Amino acid sequence: MLDFDSGVLAPAAGEFTRRLSDMAGAYADSEAVRSLLAHDDPVMYAGYDASVPPEAGHLTFRTTIVMPGTIGSEYFMTKGHHHIRDSAEFYLGMSGTGLLLMQSRSGDFAQQDLEPRASIYVPPGWAHRTINTGNVPLIFLAVYFGDAGHDYESVADVGFGWRVFRGAAGPELRAEAVDGA
Ligand code: M6P
Ligand code: ZN
């Protein structure tokens, strides 16, 4: 059972939690990261894993709950990843509002609104990252191949072409120089 309001999946094989220290380099304002980490290491996002073998032929799924907030003025987000074995993923918005950013290996960029009932397809070979642009937790379901694997290094090395900041009139996407994309 999926609880759309809390993101709880029950039964679940386990829970995962990602703190700021797990993704310090992902944010543009490294000084804001340093000063926050000096006295706190907040949970940025968490979620629940389905009990599915991480093997070819299986479809596994996971809920994710991204907290609201900013580092400097950059919204809380997920680390973002490619799949080790290039393969597609399906996202379903459950609660809250945000963006799903996607970037191909050749540097093409796409974004979709992630909101309740949004059904979004991430094609094979596109890195993906979610951003919470609202004031409440952003909650969604992701379905992907059991043997997809998470490749975080490629995203950490190259970066995402766009970052999302809180602006006076709402979320602002700003282009970012990326390496090798
Ligand atoms: C979604 C899926 C998962 C991913 C999670 C957190 O639920 O894409 O595969 O693990 O978001 O994102 P990340 O792994 O990039 O931290
Ligand atoms: Zn994925």
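The string of couplings for the range 39-51 from the Karplus curve (6.51, -1.76, 1.60, θ = phi - 60°) is 10, 7, 9, x, 6, 8, 7, 8, x, 10, 9, 6, 8 Hz, one whole number per residue in order, with x for Gly and Pro. For the chain, the longest piece that avoids every one of the trypsin sites (Lys or Arg not before Pro) found in DSSP loops with at most 15 other C-beta atoms within 10 Å covers 1-84.
Give the carbon-plus-sulfur fraction of the accessible surface of the chain in %, rounded to a whole number; probe 1.4 Å, heavy atoms of protein chains only.
On the way: 4560 of 8700 Å².
Looking at the chain in its full context, I get 52 percent from C and S.
Per residue, the chain exposes 48 Å² of accessible surface when a 1.4 Å probe is rolled over the protein heavy atoms with every protein chain present.
Across the range 86-101, rounded Karplus estimates of 3J(HN,Hα) from the backbone phi angles (6.51 cos²θ - 1.76 cosθ + 1.60, θ = phi - 60°) give 3, 7, 6, 8, 10, 10, 10, x, 10, 7, x, 9, x, 10, 10, 9 Hz, Gly and Pro being marked x.
Only sites in a loop by DSSP and with at most 12 other Cβ atoms within 10 Å count here; which GluC sites (Glu not before Pro) in the range 98-181 make the cut?
Details: sites: Glu153, Glu172, Glu176; in loops: Glu176.
In loop regions of the range 98-181 (DSSP not H, G, I, E or B), the sparsely surrounded GluC sites (Glu not before Pro) are Glu176.
When only the Cβ of Lys, Arg, Asp and Glu is charged (+1, +1, -1, -1), the dipole of the range 14-169 relative to its Cα centre reaches about 260 debye.
In the elastic network of the chain, a GNM with C-alpha springs shorter than 10 Å, the most mobile of Ala56, Ala46, Ala148 is Ala56.
Starting from the exponent 0.38 and prefactor 2.2 Å, build the expected Rg for the range 14-169 from its residue count and divide its actual Cα Rg by it.
Values: Rg = 15.0 Å, N = 156, 2.2 N^0.38 = 15.0 Å.
Cα Rg divided by the expected 2.2 N^0.38 Å: 1.00.
Out of Ala110, Ala13, Ala127, any idea which swings most in a Gaussian network model of the chain, alpha carbons joined below 10 Å? Looking only at Ala110, Ala13, Ala127, the largest GNM fluctuation is found for Ala13.
Among residues other than Ile139 whose Cβ falls under 11 Å from its Cβ, what is the net charge (Lys/Arg +1, Asp/Glu -1)? It works out to a net charge of -3.
The values are calculated or read from the model by the stated rules, or taken from the named source; none is laboratory data. These numbers were taken from a predicted model, which means no experiment stands behind them. Quick reminder, even Gly has a Cβ in these numbers, built from the backbone with ideal geometry, and neighbours come from all protein chains shown. Calculation scope for accessible area: heavy atoms of the full protein, side chains included, ligands and nucleic acids excluded. Shrake-Rupley method; radii C 1.70, N 1.55, O 1.52, S 1.80 Å.
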